[in-house]
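The values are calculated or read from the model by the stated rules, or taken from the named source; none is laboratory data. A quick note: this is a predicted structure, and the numbers were derived from the prediction, not measured. Note: ideal-geometry Cβ built from the backbone for every residue, glycine included; neighbour counts use all protein chains shown. Calculation scope for accessible area: heavy atoms of the full protein, side chains included, ligands and nucleic acids excluded. Shrake-Rupley method; radii C 1.70, N 1.55, O 1.52, S 1.80 Å.
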Amino acid sequence: MITLIKYELTKLFRRRTTKVLLIASFALCLILLVGSLLTFEITDSNMNIRRGMSAIEYDRTTQKQFAGEYSTKEATALLAKIEAVNNNPQYKRTENQPANNPSPLTDEAYYKYLKKYDPVWTIINYQQAFPELITEVERGDLFQIYQQKAKSLDDMKNIPAPDPNNPVAQKLTAMYKNVKIPFHIDYIEGWNKLIYGFSQILALLISAIVIICLSPMFSDEYSTGAAAILLTTKHGKNKLIKAKIAAAFAFNTSVFLIFALLYTAFYGLTYGFSGAASNIQTSADFLISPYNLTMSELFLRVLGIGYLGLMCLTAITLFISSKSRNAYTALIPLAAILFLPLIDFSGISKVLQKILLLFPIHVMRVSEIYPMANFYNIFGLLFDQASMAIIISVLLIIVFVPLSYRAFKSYQEQG
Amino acid sequence: MELSINNVTRQYGNKIAVDNFSATLTSGVYGLLGANGAGKTTLMRLVCDILKPSAGEITYGGVNVTELGEDYRDLLGYLPQQFGYYPDFSAYDYMMYLASLKGLDHSAARKKTLELLETIGLLNEKKNKIKTFSGGMRQRLGIAQAMLNDPKILVLDEPTAGLDPKERVNFRNLISSFSQDRIIILSTHIVSDVEYIADEIMMMKSGQLLSRGNAQSIIKTVEHSVWEVTVSAEAAEKINAKFIISNLKHSDDYVTLRIVAENKPHEQAVNVRPNLEDLYLYYFQEVEPNDNINQIRVD
């Protein structure tokens with residue numbers, strides 16, 4: 001069996017498409033990563049623009065000053081301190097004084113005394129408002145929740161009237177009450193970029209690699225006429241198919257791990273791993289997220305759920321490959337299954353949109369799942385999007401792998 | 001050892017490719033003769049269990065071959081008409097891959113691979129990628145892969161396609177030495193190949209078994225239907241338009257024609273001993289003007 005898997009992997013890696021695609025994708029990622037590093041810039045306290053590693057180093061050192069957990073008393077004290085800076089008449093700019101900052105201060109004062117507080121100020125404000133948010137949700141008032149999820153003004157039109165018996169509100173209340181307060185604050189830029197960057201690259205690039213490289217897995221055997229020989233061999237209708245499936249999953253696992261390692265190593269080496277224990281609520285994208293997770297826990301979910309999404313996509317790819325007469329005809333439905341769910345159909349049907357959110361591309365974009373809980377009511381039971389994504393992906397794998405096996409096994413050489 | 005094809009029919013929509021075909025095969029070499037579309041390839045696919053019959057069944061030792069599954073495939077060697085290979089594999093890798101699919105352990109696979117590559121004259125090319133091979137070399141490799149597991153049933157669809165005369169002779173010798181206690185079914189358009197190798201010939205037309213027997217007995221069926229006549233070029237053209245011409249020879253102003261016809265085609269025509277090509281034409285070629293009349297000239 002191991003020998004057969006090796007041969008299937010050899011077939012896969014010897015294809016020109018595979019080689020070119022892997023090298024090009026790896027190079028593209030490196031360019032994107034290095035590019036994002038070189039273009040990262042920040043204005044320091046002396047109003048000098050820093051770029052690249054110097055900017056990261058400055059940002060990290062500045063934010064690290066505020067690392068820790070702030071009790072209500074400490075948070076109030078910090079906010080008072082910031083307010084004092086804000087209200088210091090020496091720093092205020094005159095009405096006609098030009099400025100390039102969002103505060104009422106002069107640019108010199110803003111960059112020197114106030115800017116460093118910006119991230120912690122936002123987090124502390126949200127932390128202070130969190131109990132109020134919980135009370136609102138407990139009352140059944142989901143205005144803030146819908147506001148967070150809304151993509152357009154239209155989405156705000158159908159907010160249900162406050163109802164404490166609303167099961168979504170009850171579920172959210174339980175989740176919010178579970179969130180650890182005070183938040184653990186630290187420098188989390190590396191985790192932020194890693195979580196978002198890897199989710200996107202997984203959904204848009206690695207998934208494309210998988211469907212392009214694996215779509216010939218069965219279909220090429222048909223189109224080249226090799227199936228006729230393979231299926232008349234002793235192991236052609238059993239071990240060979242198992243080996244093909246195993247090789248496909250080994251391939252996607254390898255590609256997944258290589259890119260995960262590349263991203264983790266890159267962001268770890270540049271931004272560092274501080275902030276692993278910080279609440280996700282300290283990140284701008286997750287300020288009112290109901291999930292009690294740290295940044296490192298969220299990254300593990302990005303890896304776990306993202307990998308499951310990729311496995312699901314692999315299972316679908318294998319099935320379509322086993323049913324297609326050549327790799328090109330397999331690629332068309334695969335590309336549609338992968339990328340069509342990116343179109344927002346919520347204007348046409350909310351139910352359709354919710355279903356599409358369970359397609360592999362959305363499962364792999366894990367960073368989009370956790371900013372707010374999105375629920376599915378299945379026979380009176382509420383499941384959040386993450387749980388549904390896991391359940392549906394596992395079910396699809398369970399269904400499509402045996403179907404692929406059967407389709408190749410029962411292939412009939414015609415024409 | 002008995003392979004039985006029992007009333008097998010295979011339909012593609014309304015088209016019947018194999019029509020109620022029955023034959024029992026024991027050890028020996030069987031040559032399948034038939035025109036394009038006669039159902040030879042379909043029949044071979046049915047025998048190899050990569051195509052299911054619409055009706056009837058194929059059994060080996062009395063058991064349906066589909067039920068035998070892996071045990072049946074273990075006895076099988078198959079070279080399809082369109083030999084699918086992996087262009088980036090070397091000949092050696094390709095053989096080793098198929099050997100592992102055929103259940104040979106590594107050392108046996110290696111031994112058999114090298115032995116067969118030597119037999120087909122590709123030992124020195126074993127490390128070269130198949131995509132660099134000529135058509136004949138690929139075809140030889142295809143024949144070799146079919147023999148990797150010392151199959152008891154060897155099915156070869158157009159095995160001599162693309163082989164030069166010397167390679168065809170080698171192929172015939174290989175099959176002859178291999179045929180002991182095996183069922184070998186082969187189809188080819190090169191009638192002489194069948195004539196030399198086959199113990200028995202099966203003639204197929206419109207998916208049906210037309211006749212079956214050894215070359216001599218089967219040729220006998222057209223014993224009084226092959227004629228030869230030497231006529232002027234003008235008369236030859238007229239005969240060519242009316243009858244099936246199996247051969248013609250130009251010399252000076254005269255043309256010698258070999259004609260396949262039930263009745264005497266010309267008053268000077270004489271009956272001659274038929275061969276397998278005559279038989280093939282008798283069964284499979286409709287009367288149509290032969291363009292070759294102005295192309296073949298033996299002075």
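Does B:Asp199 satisfy being open to solvent by 50 Å² or more (accessible area, probe 1.4 Å) and not β-branched (Val, Ile, Thr)? For B:Asp199, the condition - open to solvent by 50 Å² or more (accessible area, probe 1.4 Å) and not β-branched (Val, Ile, Thr) - is met. In the range B:33-66, the qualifying residues are those that are assigned to a loop (DSSP other than H, G, I, E, B) and more than 30 Å from B:Arg140 (Cβ to Cβ), and the one that is nearest to the other protein chains (Cβ to nearest Cβ) is B:Lys52.
Every residue, every condition in (1) surrounded by fewer than 15 Cβ atoms within 10 Å (Cβ to Cβ); (2) at pLDDT below 85; (3) not assigned by TED's automatic domain parsing to the domain that holds B:Ala161, yes or no:
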{"position": "B:Ile185", "(1), (2), (3)": "no, no, no"}
{"position": "B:Val231", "(1), (2), (3)": "no, no, yes"}
{"position": "B:Ile245", "(1), (2), (3)": "no, no, yes"}
{"position": "B:Lys249", "(1), (2), (3)": "no, no, yes"}
{"position": "B:Thr256", "(1), (2), (3)": "no, no, yes"}
{"position": "B:Arg273", "(1), (2), (3)": "yes, no, yes"}
{"position": "B:Asp278", "(1), (2), (3)": "no, no, yes"}
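Can B:Asp19 be described as of a type in the set (Asp, Glu) and crowded, with 17+ Cβ neighbours inside 10 Å? Yes; evaluated as a whole, the condition is true for this residue. Hey, does the range A:82-102 have a residue that's modelled with pLDDT under 85 and under 33 Å from the mean Cα position of the chain (by Cα)? Looking for residues that are modelled with pLDDT under 85 and under 33 Å from the mean Cα position of the chain (by Cα), one finds at least one in the range A:82-102, hence yes. With the requirement that a residue be open to solvent by 10 Å² or more (accessible area, probe 1.4 Å) and part of a loop (DSSP other than H, G, I, E, B), what does the range B:148-177 give you? Within the range B:148-177, B:Asn149, B:Asp150, B:Lys152, B:Glu158, B:Ala161, B:Gly162, B:Leu163, B:Asp164 qualify.
May I ask you to say which residue of A:Ile185, A:Ile212, A:Ile258 is more than 14 Å from every other protein chain (Cβ to nearest Cβ) and buried (at least 22 other Cβ atoms within 10 Å of the Cβ)? On inspection, the qualifying residue turns out to be A:Ile185.
Scanning the range B:67-84 for residues that are surrounded by fewer than 21 Cβ atoms within 10 Å (Cβ to Cβ) and touching a residue at least 40 places away in the same chain (Cβ under 8 Å), we see that the one that is farthest from the other protein chains (Cβ to nearest Cβ) is B:Gln81. Evaluating A:Lys157 against the criteria (1) in contact with a Ser or Thr (Cβ under 8 Å, 6 or more places away or on another chain); (2) more than 23 Å from A:Gln127 (Cβ to Cβ) leaves one unmet condition, (1). Going by what's in this entry, would A:Tyr411 be described as within 14 Å of another protein chain (Cβ to nearest Cβ) and surrounded by 14 or more Cβ atoms within 10 Å (Cβ to Cβ)? The answer is yes for A:Tyr411. Of A:Ile2, A:Ile23, all but one fail to be more than 30 Å from A:Lys234 (Cβ to Cβ) and either open to solvent by 30 Å² or more (accessible area, probe 1.4 Å) or away from chain B (no Cβ under 14 Å) (or both); the exception is A:Ile23.
So, in the range A:220-235, exactly how many residues are among the small types (Gly, Ala, Ser) and surrounded by 24 or more Cβ atoms within 10 Å (Cβ to Cβ)? Number satisfying all stated conditions: 1.
The lone criterion from (1) open to solvent by 40 Å² or more (accessible area, probe 1.4 Å); (2) more than 28 Å from B:Tyr283 (Cα to Cα); (3) within 14 Å of chain A (Cβ to nearest Cβ) left unmet by B:Glu125 is number (3).
The lone criterion from (1) touching a Pro at 6+ places or on another chain (Cβ under 8 Å); (2) under 19 Å from B:Arg140 (Cβ atoms) left unmet by B:Tyr94 is number (1).
When each of B:Gln180, B:Gln139, B:Gln145 is tested for being touching a residue at least 24 places away in the same chain (Cβ under 8 Å) and in a loop (DSSP other than H, G, I, E, B), the lone residue that passes is B:Gln180.
Residues that are under 27 Å from the mean Cα position of the chain (by Cα) and more than 7 Å from chain A (Cβ to nearest Cβ) were ranked within the range B:97-114; the one that is farthest from A:Glu413 (Cα to Cα) is B:Leu114.
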